[in-house]
Amino acid sequence: MKLNQKIRERTSLLKSHPFLGKEIAKWDNRSVSLGHYSIVYKVEEEKIIITAFWDNRQDSEKLYQHLRQN
């Protein structure tokens, strides 16, 4: 399955189940996996805001630095 299609399916699922993803401590973000990638997002009232699309093969400290800045 192509990555684009996986992203569409996962974001569609998040519309129905916004708290599906695993909590990322301290930054009010959640994360859902797509194999080598993750969608990092926040749930705010009636919105889901994608804060990062992350390659899980990277150093996770880079992701934490990104989340601290935003």
Original post:
Rounded if a/c is under 1.5, else prolate if a/b is larger than b/c, else oblate: which is the stretch 3-69, with a ≥ b ≥ c the root eigenvalues of its Cα gyration tensor?
Top reply: oblate
Original post:
Excluding same-chain residues fewer than 8 positions from Lys42, which aspartates and glutamates have a Cα within less than 15 Å of its Cα?
Top reply: Glu23, Asp28
**OP:** Work out, step by step, the length gained on full extension between Glu44 and Asp28: first 0.36 nm times the residue separation, then minus their alpha carbon distance; give nm to one decimal.
**Re:** 4.8 nm
Original post:
How high is the relative contact order of the chain, given as a whole-number percent (alpha carbon pairs under 8 Å, six or more residues apart)?
Top reply: 19 percent
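Values quoted throughout were computed directly from the atomic coordinates according to the rules given, and no laboratory measurement underlies them. Keep in mind that what you see is a predicted model, and the values were worked out from it rather than measured.
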